[in-house]
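Below: the structure, in structure tokens.
The values are calculated or read from the model by the stated rules, or taken from the named source; none is laboratory data. All values reported here derive from a predicted model rather than from experimental measurement. Virtual Cβ from ideal backbone geometry, glycine too; neighbours counted across all protein chains shown. Just the protein is used for accessible areas: all its heavy atoms, side chains included, with ligands, DNA and RNA removed. Shrake-Rupley method; radii C 1.70, N 1.55, O 1.52, S 1.80 Å.
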Amino acid sequence: MVTLQAAVMRAFKCAVLLGLSGFLPVSHAGPGEELARSDFNWGAEDWELFGPGKLKVYERGGMLYGSDNGRTVWYFSAPEKFLGERAFAHNGKLSFRLGHSEYMSNGKDMIKDWDVILESKEWRLRIGIKNLIPPWVGATNNDLDLNEKSWTVMKGQGHGHAPTTISMIRILSSLSAIYIRGGYYDGHEETWLDSVLMTEGNHQQDAMLRKINKHHHEPLKQKKQAEETKRKAEEREMLAGAGQLEGAEAALNRNEAADEAARPPSRSDAQQQQKLLEEARIAAQQHEAAMVETAAKMAAETAAVEAAAVGVAAAEQETMQVAGGESAGDVLLD
């Protein structure tokens with residue numbers, strides 16, 4: 001018989017495990033295994049519509065529906081469970097069923113545009129597939145290979161070409177959006193989506209992890225820092241070559257000084273300024289006293305020199321008078 005204490009401890013352990021499960025790494029099952037799925041048996045499963053105009057999304061009979069009332073290209077937008085870290089989907093599949101319960105072409109051909117789009121905002125990359133859905137067909141089963149051979153770069157490095165393996169891994173490693181087109185015709189249409197499935201690719205786990213660690217988020221930050229350092233070095237080299245480096249650095253220092261001067265003083269700055277002013281005042285007083293003392297010494301020294309000069313002049317005058325008297329006497333004697 002299970003005691004109350006044992007039941008409480010079991011419930012506590014379950015709660016701890018559930019709480020920690022959100023922080024545990026997502027494991028992969030193996031090639032062909034399910035990574036994410038939407039069957040719409042219990043509602044829209046957080047799928048949305050993306051595009052211009054008035055769009056409606058709803059679930060009916062285990063399928064997701066969207067509709068429009070004019071010439072509008074719009075998309076079914078995948079929820080979070082298909083997005084984020086999906087690097088193990090590389091070389092896997094994205095499959096879905098798509099069809100129209102009704103549509104009006106108004107005598108015009110099907111609108112040509114991208115049918116499926118994958119996007120990574122972090123890497124500023126967007127890839128897509130065209131000509132996937134044939135015109136005038138009620139329903140199609142679609143299996144898309146999640147590798148670099150099947151897609152075209154819509155935005156980012158390599159625009160207009162197939163993505164590189166690195167670019168494909170980057171997109172899947174930080175997948176921010178999956179768009180599946182629903183708007184194809186000129187007039188009103190009602191499009192349904194069903195059985196969306198993402199499966200893992202056939203790859204070696206260790207090799208894949210090495211690629212992920214090498215080409216994931218941190219290298220992007222390092223790349224930006226390296227580009228900024230290179231740009232600054234090139235600017236310095238250009239200015240130095242033109243003989244303007246010192247002038248540019250002086251202007252930069254002046255701007256920094258002006259910014260510092262324009263910054264409103266804080267309380268600590270005001271206290272520091274008051275302290276500096278007080279120190280300057282004391283220094284000025286000390287300098288003034290030193291100047292007065294020096295002037296007094298110089299005046300005393302000047303007076304002593306002048307007195308000595310007067311004494312010397314008097315002595316010389318007396319000597320000259322004695323010498324003059326003796327000469328006259330000599331003349332009289334002669």
Take Ser150 and tell me if it is assigned to a loop (DSSP other than H, G, I, E, B), among the small types (Gly, Ala, Ser) and touching a Leu at 6+ places or on another chain (Cβ under 7 Å). yes
A careful count of residues in the range 175-200 that are assigned to a loop (DSSP other than H, G, I, E, B), at pLDDT below 95 and touching a strand residue (DSSP E or B) at 6+ places or on another chain (Cβ under 8 Å) gives 7
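Can you pull out the residues in the range 115-141 that are outside any strand (DSSP E or B), closer than 19 Å to Trp192 by Cα and open to solvent by 20 Å² or more (accessible area, probe 1.4 Å)?
Scanning the range 115-141 gives Asn131, Leu132, Pro134, Pro135, Trp136, Val137, Gly138.
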Notebook entry, point to check: Within the bounds of the range 107-116, is there any residue that is basic (Lys, Arg) and in contact with a Ser or Thr (Cβ under 8 Å, 6 or more places away or on another chain)?
Noted result: no
Scanning the range 75-103 residue by residue, those open to solvent by less than 10 Å² (accessible area, probe 1.4 Å) and of a type in the set (Phe, Trp, Tyr) turn out to be Phe76, Phe82, Phe96
The number of residues in the range 57-74 that are open to solvent by 10 Å² or more (accessible area, probe 1.4 Å), within 18 Å of Asp194 (Cα to Cα) and not charged (D, E, K, R) is 7
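Any idea how many residues of the range 142-182 are farther than 16 Å from Asp115 by Cβ, of a type in the set (Gly, Ala, Ser) and open to solvent by 30 Å² or more (accessible area, probe 1.4 Å)?
Restricting attention to the range 142-182, the residues satisfying the condition of being farther than 16 Å from Asp115 by Cβ are 147-149, 155-176.
With of a type in the set (Gly, Ala, Ser) added as a condition, the list becomes 156, 158, 160, 162, 167, 173-174, 176.
When the remaining residues are screened for being open to solvent by 30 Å² or more (accessible area, probe 1.4 Å), the result is 156, 158, 160, 162, 176.
Looking only at that region, the number is 5.
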